[in-house]
Structure formats: structure tokens, C-alpha cells
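The values are calculated or read from the model by the stated rules, or taken from the named source; none is laboratory data. Everything numeric in this text was worked out from a predicted model, so none of it was measured. No Cβ is skipped: glycine too gets one built from the backbone with ideal geometry, and neighbour counts run over all protein chains shown. These area figures cover heavy atoms from the full protein model, side chains too; ligands, DNA and RNA do not enter into them. Shrake-Rupley method; radii C 1.70, N 1.55, O 1.52, S 1.80 Å.
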Amino acid sequence: MKVAIVSNHGPSLVGFRGDLLREIVSLGHEVIAYAPPVGQDLVDEIIDQGVTYRPYPLDRTSTNPFRDWKGYSALRERFERDLPEIVLCYTAKPMIYGSLAASRAGAARIVSLVTGLGYGFTGGGVKQRLLCALQR
């Protein structure tokens, strides 16, 4: 089975999800990790775990919808090419854009992992309330 893991921060693939990636690979599944561009040392570390790395454009701190559209579009194109059967997205932007892209690309199962409250849940401004509603 082909499993996609979508992150908004490449180092977290090894630092926080490394055990999970290794376990999925050890069960005989193909794992593809999607994250914004990272240095070659981290790419090598991901590959050493038996995982394929695919960069995609994402500005994890921006609230600009045009920048976010680029990330969504890139993920959708990559999912349509790679055809993962299961997509696991963690953190807010991957959960939103990755889930939508996976759905449009026909992934059989989409899983979202909420890792914390994040910006959308920490204040009462108009932008934050809008983000909170979108995340929910």
C-alpha cells in the first residue's frame, strides 16, 4: 500500500514522525513524505529510513491565500502522479490543503492528526476566527 505523510515542516518528519515512518516501512508499505524544501542532509536522513521525499511549496506562517493555493495545487498534482491510497496530514495547513488535495486526487483514506491549537485558536481577531472556522 502507498502511504503519504504531509507535513508543513521537514525536520518534524524525522524528529517527531521518524518512528512512525520507520514502522510503516517495516510493515512493507511504500511511504512518501511531502514537506516544504529542506537541506540535502535531511533529505538523505528521510531516504535512509526507506521513505521517498517530495518537496512542495508551502509558507507555513503565511495567511496569504494565493501562496496557500500554490501549496494546495502542488500537492494535488503530486497526489495525482503518486496515487497514494492513504494520506496522513498533520498540522493545520497540511490538514486543510492536503486533505482537500488528497480527496480531489481520489485517495481512499485521509487521516488528519491535530498537533496543537495553532494560530487560529489562540486569539479573537477576525483573521483568527476565520482560520478557526476553516480548521474546524
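For the stretch 63-103, enumerate the residues that are hydrophobic (A, V, I, L, M, F, W, C) and free of Cβ contacts under 8 Å to residues at least 24 places away in the same chain. Lay out the reasoning, then the answer.
Here is the first cut: in the stretch 63-103, the ones hydrophobic (A, V, I, L, M, F, W, C) are 66, 69, 74-75, 79, 83, 86-89, 92, 95-96, 100-102.
Listed by number, the residues that qualify are 66, 69, 74.
Taking the stretch 70-83, which residues are farther than 16 Å from residue 55 by Cβ and either out of contact with any strand residue (DSSP E or B) (no Cβ under 7 Å at 6 or more places or on another chain) or open to solvent by less than 40 Å² (accessible area, probe 1.4 Å) (or both)?
Hit for the stretch 70-83 is 80, nothing else.
Looking at 130, 100 in this structure, which one is under 20 Å from residue 57 (Cβ atoms), of a type in the set (A, V, I, L, M), open to solvent by 60 Å² or more (accessible area, probe 1.4 Å) and modelled with pLDDT of 70 or more? Show your work before the answer.
Working: 130 fails: under 20 Å from residue 57 (Cβ atoms).
Going through 130, 100 in turn, the sole match is 100.
Applying the selection to the stretch 1-24, what residues are of a type outside the set (D, E, K, R) and outside any helix (DSSP H, G or I)?
Within the stretch 1-24, 1, 3, 4, 5, 6, 7, 8, 9, 10, 16 qualify.
Those residues that are exposed (fewer than 14 other Cβ atoms within 10 Å of the Cβ) and either within 14 Å of the chain's Cα centre (by Cα) or among the hydrophobic types (A, V, I, L, M, F, W, C) (or both), I need them from the stretch 27-44; list them, please.
Of everything in the stretch 27-44, those that are exposed (fewer than 14 other Cβ atoms within 10 Å of the Cβ) and either within 14 Å of the chain's Cα centre (by Cα) or among the hydrophobic types (A, V, I, L, M, F, W, C) (or both) turn out to be 27, 37.
Check the stretch 45-53 and report whether any residue there is within 18 Å of residue 112 (Cα to Cα) and surrounded by fewer than 21 Cβ atoms within 10 Å (Cβ to Cβ).
Within the stretch 45-53, none of the residues are within 18 Å of residue 112 (Cα to Cα) and surrounded by fewer than 21 Cβ atoms within 10 Å (Cβ to Cβ).
Please identify the pairs in which a residue from the stretch 11-24 that is closer than 12 Å to residue 35 by Cβ has its Cβ atom under 7 Å from the Cβ atom of a residue that is of a type in the set (D, E, K, R) and open to solvent by 40 Å² or more (accessible area, probe 1.4 Å), counting only partners at least 6 apart or on another chain.
Within 7 Å, the pairs are 14/45.
Yes or no: residue 38 β-branched (Val, Ile, Thr) and free of Cβ contacts under 8 Å to residues at least 60 places away in the same chain?
When the stated conditions are applied, residue 38 passes them.
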